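S.K.: Please find one structure pasted underneath; my questions will follow.
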Amino acid sequence: MARKKIALIGAGQIGGTLAHLAASKELGDVVLFDIVDGVPQGKALDLAQTSAVDGFDSNLKGTSEYKDIAGADVVIVTAGVPRKPGMSRDDLLEINLKVMEQVGAGIAKYAPDAFVICITNPLDAMVWALQRFSGLPANKVVGMAGVLDSSRFQHFIADEFNVSIKDVTAFVMGGHGDTMVPLTRYSNVAGVPLTDLVKMGWITKERLEEIVQRTRDGGAEIVGLLKTGSAFYAPAASAIAMAESYLKDQKRVLPCAAYLKGEFGVKGMYVGVPVVLGADGVERVVEVTLNKSEQAMFDKSVGAVDGLVEACKKIAPKLA
Ligand code: APR
C-alpha cells in the first residue's frame, strides 16, 4: 500500500511541529507549504535529517507551490498570523480570511478529496470560510479547537488532583474563544464526573470554576508568556490526533469544530461539538443532552461565532 500524503499549509510554529509529529509517527509523507521562500524547504530538510537519528520512513518536502500538495489525503491549515499579547483571536479575522481564500482555492484545485483540518484563528469562522472557499464537502472539513481546549482542561484537572492524565477525560464545547463551554458534568476522573468530585469534597465549586476559567484563558496565558506568538506544541498534537483518527479509521470521539445542520439547534455554522472521526471524515455528531445553564452557555458561544461569520460575510460578500 502506498504511503499516505499529508500536506501542511503554513510552515510556521505549528506547521513545523505538525511535520515533525506526522513524520515521526509515520502517518505518511509530508509536504510543508509556505509563501515565505526557504522556510518550508529548510524545515523539511532539517526534519528529514532527524529521520536518520530516529529511524522513521517518511519523506519530507518543503515547497511554495500548491501543485506539490496534489493528491494529499490530509491537509492541515495553519497559514495566517497568530496572536500577539493583548490581541484576541477575533482580531486576526480580516487578514486570515484573505489567507483562507487563497488556501481554499489551492486545496480545491489540487487536493479536492482530502480531509481538511483548519487550525487558523479565529477558528470557527475560518473553518467555515475555508469550507466555503474550497467547496469541499462539509464532512471533510473540520476545525481543530476542542481537542486542544479539552487537553488544557484535562491537564489542569490532572495537576489539581495529582492524578495521571490518562485517567482524566474532559469535554469542552462551543466556539474556540472566550465563550467556550468546558462541561464539568461530562468531564471526569476515572469515570467520576467533576460535579461528583465536588460533592465528594475533592475540590470546591469555586476552585473548579477557577480551573474552568483558566481553561477558557488557556491560549491567552501562553501568548502572554511567549510574547512573540501563540501556543504550538499542544495545537499540533491535537490536530495530529484528528488526522490519525481519519487516516486509520479509528472512529475516535473528539470535540471538533464541525458543520452543524440542525444539531444542538444550530444550522449552517461550524461550532465545537463532539463528533466521530473516521474514514468518512465527520461520521456522526454526538448530540449530548445539555441542561439549561449548559445550553445557555452554548447558545452564547454560538452567538459569538455567528458574529464573526457575519463579519466575514461583510468583508467577503461572495461568502454570504
Ligand atoms: N499561504 C501560506 N502560508 C501563509 C500565508 C498564505 N497566504 N500567509 C501566512 N502564511 C504562513 C506564514 O508565512 C507563517 O509561516 O503561515 C505561517 C504561520 O505560522 P506562525 O506565524 O508561526 O503561526 P503559528 O503559531 O503556526 O499559528 C498559525 O494557527 O493557532 C493558530 O492563531 C494561530 O492563526 C494562527 C495559526
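S.K.: For segment 79-87, does any single residue satisfy the condition of being outside any helix (DSSP H, G or I), at pLDDT 95 or above and either buried (at least 18 other Cβ atoms within 10 Å of the Cβ) or not acidic (Asp, Glu) (or both)?
M.R.: So in segment 79-87, the residues outside any helix (DSSP H, G or I) come out as 79-87.
Applying the additional criterion that residues be at pLDDT 95 or above yields 79-80.
Then keep just the ones that are either buried (at least 18 other Cβ atoms within 10 Å of the Cβ) or not acidic (Asp, Glu) (or both); that gives 79-80.
For segment 79-87, residues outside any helix (DSSP H, G or I), at pLDDT 95 or above and either buried (at least 18 other Cβ atoms within 10 Å of the Cβ) or not acidic (Asp, Glu) (or both): present.
S.K.: Which of (1) within 17 Å of Ala72 (Cα to Cα); (2) touching a residue at least 40 places away in the same chain (Cβ under 8 Å) is the odd one out, the single condition Ile14 does not satisfy?
M.R.: (1)
S.K.: Here's something else I'd like to know. Conditions first: (1) modelled with pLDDT of 95 or more; (2) away from the ligand (no atom under 13 Å from the Cβ). Ala2 passes all but one, so which condition is the exception?
M.R.: Checking Ala2 against (1) modelled with pLDDT of 95 or more; (2) away from the ligand (no atom under 13 Å from the Cβ), the one that fails is (1).
S.K.: Tell me the residue from Asp124, Asp167, Asp149 that is under 17 Å from Val309 (Cα atoms), in contact (Cβ under 8 Å) with a residue 12 or more places away in the chain and charged (D, E, K, R), please. Spell out how you get there, then give the answer.
M.R.: Details: Asp167 fails: under 17 Å from Val309 (Cα atoms); Asp149 fails: under 17 Å from Val309 (Cα atoms).
Going through Asp124, Asp167, Asp149 in turn, just one is under 17 Å from Val309 (Cα atoms), in contact (Cβ under 8 Å) with a residue 12 or more places away in the chain and charged (D, E, K, R): Asp124.
S.K.: Could you say which residue among Leu194, Leu136, Leu123, Leu130 is more than 20 Å from Ala234 (Cβ to Cβ) and touching a Lys or Arg at 6+ places or on another chain (Cβ under 9 Å)? Before the answer, list the steps.
M.R.: On the way: Leu136 fails: touching a Lys or Arg at 6+ places or on another chain (Cβ under 9 Å); Leu123 fails: more than 20 Å from Ala234 (Cβ to Cβ); Leu130 fails: touching a Lys or Arg at 6+ places or on another chain (Cβ under 9 Å).
Residue meeting the stated conditions: Leu194.
S.K.: Take segment 103-121 and flag every residue that is within 19 Å of the chain's Cα centre (by Cα), in a helix (DSSP H, G or I) and more than 8 Å from the ligand (Cβ to nearest atom). Let's see the steps before the verdict.
M.R.: Our first condition is that a residue be within 19 Å of the chain's Cα centre (by Cα); within segment 103-121, this holds for 103-104, 107, 114-121.
Retained after the next criterion (residues that are in a helix (DSSP H, G or I)): 103-104, 107.
Result: Gly104, Ile107.
S.K.: In segment 261-308, what count of residues is obtained for those that are more than 16 Å from Met180 (Cα to Cα), crowded, with 16+ Cβ neighbours inside 10 Å and not basic (Lys, Arg)?
M.R.: Final tally of qualifying residues: 8.
S.K.: Now for a separate question. Return the residue satisfying two criteria in turn: it lies in segment 154-184 and is modelled with pLDDT of 95 or more and charged (D, E, K, R), and of such residues it is farthest from Ser238 (Cα to Cα).
M.R.: Going through the qualifying residues, I end up with Glu160.
S.K.: Here are Ala237, Ala257: which of them is crowded, with 19+ Cβ neighbours inside 10 Å, under 30 Å from Lys5 (Cα atoms) and touching a helix residue (DSSP H, G or I) at 6+ places or on another chain (Cβ under 7 Å)? Full working, then the answer.
M.R.: Values: Ala237 fails: crowded, with 19+ Cβ neighbours inside 10 Å.
Just a single option satisfies the conditions, and that option is Ala257.
S.K.: Can you go through Met126, Met100 and tell me which one is crowded, with 24+ Cβ neighbours inside 10 Å, under 28 Å from Leu226 (Cα atoms), at pLDDT 95 or above and near the ligand (Cβ under 8 Å from one of its atoms)?
M.R.: Working: Met100 fails: near the ligand (Cβ under 8 Å from one of its atoms).
Exactly one of Met126, Met100 is crowded, with 24+ Cβ neighbours inside 10 Å, under 28 Å from Leu226 (Cα atoms), at pLDDT 95 or above and near the ligand (Cβ under 8 Å from one of its atoms), namely Met126.
S.K.: Here is a list: Leu92, Leu47. Which entry is within 16 Å of the ligand (Cβ to nearest atom), within 22 Å of Gly177 (Cα to Cα), of a type outside the set (Ser, Thr, Tyr) and without any contact (Cβ under 8 Å) to a residue 40 or more places away in the chain? Reasoning before the result, please.
M.R.: On the way: Leu47 fails: within 22 Å of Gly177 (Cα to Cα).
Only one candidate passes the filter, namely Leu92.
S.K.: Right, next: Just name the residue that is farthest from the ligand (Cβ to nearest atom) out of those in segment 8-44 that are closer than 24 Å to Asn121 by Cα and among the acidic types (Asp, Glu).
M.R.: Here the residue is Asp37.
S.K.: Residues in segment 242-250: is at least one under 18 Å from the mean Cα position of the chain (by Cα) and among the polar types (S, T, N, Q)? Before the answer, list the steps.
M.R.: Of all residues in segment 242-250, those under 18 Å from the mean Cα position of the chain (by Cα) come to 242-247, 250.
If we keep only those that are among the polar types (S, T, N, Q) as well, we get 245, 250.
Checked segment 242-250: at least one residue is under 18 Å from the mean Cα position of the chain (by Cα) and among the polar types (S, T, N, Q).
S.K.: Output the number of residues of segment 179-195 satisfying the condition of being closer than 17 Å to Ser293 by Cβ and either surrounded by fewer than 17 Cβ atoms within 10 Å (Cβ to Cβ) or out of contact with any helix residue (DSSP H, G or I) (no Cβ under 8 Å at 6 or more places or on another chain) (or both).
M.R.: 4
The values are calculated or read from the model by the stated rules, or taken from the named source; none is laboratory data. Note that the structure is predicted; figures quoted are calculated from it, not measured. Every residue, glycine among them, receives a Cβ derived from its backbone with ideal geometry; neighbour counts consider all protein chains shown.
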